[in-house]
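Throughout, read-outs are computed from the coordinates displayed, never taken from laboratory work. Quick caveat, the model's predicted, so the values are computed rather than measured. Backbone-built Cβ (ideal geometry, glycine too); neighbour counts: all protein chains shown.
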Amino acid sequence: MDIALCVINTKTRIIEYAGARRSILYYDNNKLTELIPDKLSIGGLENNFSVFSKQIFEFKSGNKIFMFTDGITDQFDNLNLKKITLKRFKDQLSSITMNPIHNIRRDLIDFLKEWKGSNSQTDDILVLGIEIM
């Protein structure tokens, strides 16, 4: 199983992130940055005593964090059966991230609908956007 995990401490304004093959995207100073996960999954046939790295950073008002399942990046289009891919998702998000979070939600839904056309949704899709106030 893959997972991205964040702990947000509103008193210290610190975010702790650890990822098992799932990155998160962090928006700060008009820049969208991918926080890279460890290349291990949890559970399964891998070593059950794996140690995952933790990334710690401070946040400020206006920062945004995006966590997402692989369903968004693995969605096929209607014409060529190409996946959205992480790169295309990041490019799309980069173009709208400066907008208020409620507009980003609408823009991502529109992007997904246009991308998949009449093709069926191939997996569960969850995109969680958090805007720091």
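Things to note:
- Evaluated with a Cβ-only charge set (Lys, Arg +1; Asp, Glu -1), the chain carries a dipole of roughly 280 debye about its Cα centre, given to the nearest 20.
- For the stretch 9-89, the list of GluC sites (Glu not before Pro) that fall in a loop by DSSP and count at most 12 other C-beta atoms within 10 angstrom reads 46.
- Flagged links, alpha-carbon separation over 25 Å, of 31/60; 90/116; 60/116; 11/39: 60/116; 11/39
- In the distance distribution for the stretch 59-133, Cα-Cα pairs more than 21 Å apart total 25 percent.
- Set of the stretch 52-90 residues, backbone N closer than 12 Å to the point 7 Å along the Cα-Cβ line of residue 11: none
- Between residue 21 and residue 3, the distance separating the two model label sites (each 7 Å from Cα on the Cα→Cβ line) works out to 1.4 nm.
- Counting beta carbons within 10 Å around each of 132, 15 and listing the fewest first gives the order 132, 15.
- Fully extending the segment from residue 58 to residue 95 would add 10.9 nm, taking 0.36 nm per residue of separation and subtracting the current Cα-Cα distance.
- A simple spin-label model places the labels of residue 70 and residue 123 0.5 nm from each other, with each point 7 Å out along Cα-to-Cβ.
- Sites listed here are trypsin sites (Lys or Arg not before Pro) in the stretch 1-97 whose DSSP assignment is loop and whose Cβ has at most 13 other Cβ atoms within 10 Å: 11, 39, 54, 60, 82.
- Shape of the chain, Cα gyration tensor, a/c cut at 1.5: oblate
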